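The values are calculated or read from the model by the stated rules, or taken from the named source; none is laboratory data. Treat the numbers as computed from the prediction; the structure is a model and nothing was measured. Positions of Cβ are generated from backbone atoms using ideal geometry, with glycine treated the same way; all protein chains shown enter the neighbour counts. In case anyone asks, the SASA skips ligands and DNA or RNA and just uses the protein heavy atoms, side chains included. Shrake-Rupley method; radii C 1.70, N 1.55, O 1.52, S 1.80 Å.
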Amino acid sequence: MAKDLSRYAGRRRKNWIILSLSMFATAIGLFFLGAIMFALLTEGIAAIRPSLFTEMTPAPGSDGGLLNAIYGSAVMTVFGTVVGTPIGILVGTYIAEYSRGNKLGQAIQFINDVLLSAPSIIVGLFVYELLVVPMGHFSAWAGGTTLAILVIPVVTRTTVDMLALVPNALREAAAALGTPKWRITVSVCYRAARQGMLTGIMLAVARISGETAPLLFTVLSNQFWSMDMNRPIANLPVVISNFALSPYPDWQRLAWGGALLITVAILCLNIAARTLASFGSAKQ
Amino acid sequence: MHEELSATVVDIPSSSTPRLRGPQDLLDGLFRGATLFFGLFILLILGGIGLSLVVGSSEALRTFGLGFLWTETWNPATEVFGALVPIYGTIVTSIIAMVVGVPLSFGVAVFLTELCPPMLKRPLSIAIELLAGIPSIIYGIWGLFVFAPFLQAHVQPFLIGTLGHVPLIGALFGGPPFGIGILTAGLILAIMVLPFISSIMRDVFETVPPMLRESAYGLGCTTWEVVWRIVLPYTKVGVTGGIMLGLGRAMGETMAVTFVIGNAHRITTSLMAPGTTISSALANEFTEASRGLYTSSLITLGLILFIITFFVLAAAKYMLIRMQRQAGT
């Protein structure tokens, strides 16, 4: 009996130790989130001032802001989202509504999921070979195309997941009224899945607005204000990267400022997307 | 009955009443065609990526042949290139990321599914997933300015002082504390893959039927025994898939690694020493490379990365699909 009890105590102790470790692991994860945010805030706040939003990227040693980089990032992100989203939605529609689980649909979904996690730097190389080499120079078009390619798998994935949640009864009811299939998809299914699809688009925007590596091969960057989509254009991630690696304190400060800006924007998008998603699921 | 009905009703081809809906038929066909077209477009993108990398790398492959894979030299001046050092760096940083990241992710998943009070579950999950939202470049600057100096000042001297004297593995922890280097890159990758792996583990843990869990508890198992003997065996395919997905991410991660790895083209036994990975070599050298053999060699590195990550991710996906089917039936 005593032996049994001591074995039981041993099991309890092991349980306690391992569960404490798991709590510790969670604490470590949260600690790093906190540490990164803390560093961004302490280093970045100093750079957040009006000139950050009104002046161009400076030469080393002089004062300036990030206006041209913010503009460039915004333009390319909008281009990537506007081009990539409809494509992603159509692909998702094919998988969820038309393929009905056939081999082609499964293959497309599989490849899409692989693309979703594929290294973005590879996509950058692809667009470099596809657009930069034939055109002979880096350009904002190439950067926007890269971002569009990165948007597609994210939007496709959420569209498939969300359309799968639409009850079949809705489709049947619409079909019984004589509604053609495309109309059922657009007016009934999309409408029912609207919230989730919007979440997917927001997550896609969050993902591309911080992408750096593929832009190095496709847009490069630009020291000056440029609106020419056919030329290299300044953009936040590449400017942050260049400035952070430079030896000049002014540039490093601007890099921290840009990093804070980009992270806050992305985290807000992420939180908003998740709140929207949970709001939608609570309503159902 | 219900299922059958839905299948027949929705699948009725819209041409069943041709006279009534002529133009609608056309629209139906167009819409279907558009979705199919872009569906095929996805396959085309993947094919295009592979093809463009093969075309771009042909010059280097013609010059160096398969020996490119195990040549250690990387010398832009004499135009002799080999992929051994970047491949070594990619593998070693990924191993460090997995060794550190997988147990951490497992801990997080166990905490969230077994221990966490329901009220905290959602906020904590979101907080952990926010780690995945932070862009690579932010990890990069944080790693370069905060994490690497910290490791250099506090952690690495300790590792060199203790593990550095242990026979066999001592060489891994020898040499001066550089701060930046392979170890730092691996640790940052571990933090970066944590949210991916832990959220998949959490999701697959939740597919375990409550009856299995409750039976085990009913027999007097402790929480840990339920996790180790019931939950983990039931979900092992999904868990492996999640880990592979994290591995695929770690191998392709670029900016964070580029910032902290030191970009040195050499293989050193010490994990503290600077090194390079495939992706960091690309990010660091591509825009400065002269056209021709140099660029082509870099693209060949990209091709190698593409092939490795494709197989890792495909295997991961395959396992997760198997897990889904198992949960579905």
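From zero up to wherever the largest Cα-Cα distance of the range A:35-84 sits, split into 10 Å bins and tell me the percent of pairs in each.
23, 35, 33, 9
For the range B:168-293, list log₁₀ I(q)/I(0) at each q in 0.20 Å⁻¹, using the Debye formula over Cα point scatterers of equal strength and ignoring solvent, two decimals each.
Debye output, listed in q order: -1.04.
Please report the equivalent ellipsoid semi-axes of chain A, computed as sqrt(5 x eigenvalue) of the Cα gyration tensor, largest first, in whole Å.
With the √(5λ) rule applied to chain A, the semi-axes are 38, 34, 18 Å.
What number, in nm² with one decimal, is the all-direction average of the projected area of the convex hull of the alpha-carbon atoms of the protein assembly as shown?
Approximately 33.0 nm², given one-decimal rounding.
Which value, in debye to the nearest 20, gives the size of the charge dipole of chain B about its Cα centre, when Lys and Arg are +1 and Asp and Glu are -1 at the Cβ?
160
Give, rounded to the nearest 20 debye, the magnitude of the charge dipole that the range A:71-181 has about its Cα centre when Lys and Arg contribute +1 at Cβ and Asp and Glu contribute -1 at Cβ.
Computed about the Cα centre, the dipole is about 200 debye.
Using a loss threshold of 30 Å², tell me which positions in the range B:36-66 are less accessible in the complex than in their chain alone. Probe radius 1.4 Å, ligands and nucleic acids ignored.
Those are B:L36, B:F38, B:G39, B:I42, B:L43, B:I45, B:L46, B:I49, B:S52, B:L53, which lose 30 Å² or more relative to the chain on its own.
What nm value, rounded to one decimal, do you get for the distance between B:V54 and A:M135 when each label is placed 7 Å out toward the C-beta?
2.7
When all C-alpha to C-alpha distances in the range B:79-178 are sorted into bins of 5 Å, what percent of pairs does each bin hold, rounded to whole numbers?
2, 10, 10, 16, 19, 15, 13, 9, 4, 1, 1, 0, 0
Over all Cα pairs of the range A:30-183, how is the pair count split among 5 Å bins, expressed in % and running from 0 up to the last occupied bin?
All Cα pairs, binned at 5 Å, distribute as 2, 8, 11, 12, 12, 13, 13, 10, 7, 5, 4, 2, 1, 0, 0 percent.
Test of understanding: in a Gaussian network model of chain B with alpha carbons linked when under 10 Å, which of B:T258, B:T35, B:T287 would top the mean-square fluctuation ranking?
Most flexible of the set in this elastic network: B:T35.
Simple spin-label model, 7 Å along Cα-to-Cβ: A:W225 to B:E288 in nm?
Distance between the two pseudo-spin positions: 3.2 nm.
On average, how much accessible surface per residue is there in the range B:96-251, in Å², for a 1.4 Å probe, leaving out ligands, DNA and RNA? Show your work: numbers first, answer last.
Working: 6200 Å² over 156 residues.
The answer is 40 Å² per residue.
Express the Stokes-Einstein translational diffusion coefficient of the range B:256-329 in µm² s⁻¹, to the nearest whole number, given a Kirkwood radius over alpha-carbon pairs, 20 °C and a viscosity of 1.002 mPa s.
For the chosen part, D equals 145 µm²/s.
Where the Cα atoms of the range B:118-173 are projected onto their three principal axes, how long is each span, largest first, in whole Å?
Between the extreme Cα coordinates on each principal axis of the range B:118-173 lie 47, 29, 17 Å.
Using a 1.4 angstrom probe on protein heavy atoms only, which residues from the range A:165-179 are buried by at least 30 Å² of accessible area when all chains are present rather than their own chain alone?
Those are A:N168, A:E172, which lose 30 Å² or more relative to the chain on its own.
What does the accessible area of B:W228 come to, in Å² to the nearest 10, when a probe of 1.4 Å is used?
For B:W228, solvent-accessible area is about 130 Å².
What's the FRET efficiency of B:T269 with A:R194 using the Cβ-Cβ distance as r and R₀ = 51 Å, to the nearest 0.05?
Values: r = 57 Å, r/R0 = 1.11.
Once the sixth-power term is evaluated, E becomes 0.35.
What per residue convex hull volume, in Å³, comes out for chain B when only alpha-carbon positions are used? If you can, show how the numbers build up before the last one.
On the way: hull volume 71.5 nm³, N = 329.
Value for chain B: 217 Å³ per residue.
Roughly how far apart, in whole Å, are the Cα centres of the range A:92-142 and the range A:144-206?
19
Averaged per residue, what accessible surface does chain A expose to a 1.4 Å probe, in Å²?
43
In nanometres, what is the gap between the two model label sites at A:L104 and A:A169, each 7 Å from Cα along Cα-to-Cβ?
In this crude spin-label approximation the distance works out to 3.3 nm.
Quick one: ranking A:C189, A:C268 by accessible area, 1.4 Å probe, largest first, what do you get?
Values: A:C189 0, A:C268 80 Å².
Per-residue accessible area, sorted high to low, gives A:C268, A:C189.
Per residue in the range B:184-199, which ones lose no less than 30 Å² of accessible surface when going from chain alone to all protein chains (1.4 Å probe)?
So the qualifying set is B:I191.
When chain B is modelled as a GNM with alpha-carbon springs shorter than 10 Å, which of B:G48, B:G238, B:G181 fluctuates the most?
Checking each option, the largest mean-square fluctuation is seen for B:G48.
Just tell me the longest site-free run in chain B, where the sites are trypsin sites (Lys or Arg not before Pro) in a DSSP loop having at most 13 other beta-carbon atoms within 10 Å.
With a cap of 13 other Cβ atoms within 10 Å, the longest stretch comes to B:20-265.
Calculate what fraction, in whole %, of the accessible area of the protein assembly as shown sits on carbon and sulfur atoms when a 1.4 Å probe is rolled over the protein chains.
69
Chains B and A: buried accessible surface, both sides, probe 1.4 Å, rounded to 100 Å²? All intermediate terms of the calculation are to be shown ahead of the outcome.
Values: alone 18360 and 16000 Å², together 26580 Å².
So the total buried area for this chain pair works out to about 7800 Å².
For the range A:169-284, what is the largest minus smallest coordinate of the Cα atoms on each principal axis, given in angstrom and ordered from greatest to least?
In descending order, the Cα extents are 68, 35, 20 Å.
Under a straight-distance cross-link criterion of Cα-Cα below 28 Å, which lysines are reachable from A:K103, leaving out those fewer than 8 residues away in the same chain?
In chain and number order, the partners are A:K181, B:K236, B:K317.
Please build a GNM for chain B, connecting alpha carbons under 10 Å apart, and tell me which residue among B:P209, B:P23, B:P177 fluctuates the most.
B:P23
Starting from the residue with the highest accessible area, list B:H165, A:H137 in decreasing order, probe 1.4 Å.
Values: B:H165 145, A:H137 50 Å².
I get B:H165, A:H137, largest accessible area first.
In debye, nearest 20: dipole of the range B:151-307 around its Cα centre with unit charges on the Cβ of K, R (+) and D, E (-)?
About 160 debye.
Tell me, what is the FRET efficiency for A:F38 and B:H165 to the nearest 0.05, using R0 = 35 angstrom and their Cβ-Cβ distance as r?
Computed FRET efficiency for A:F38 and B:H165 comes out at 0.50.
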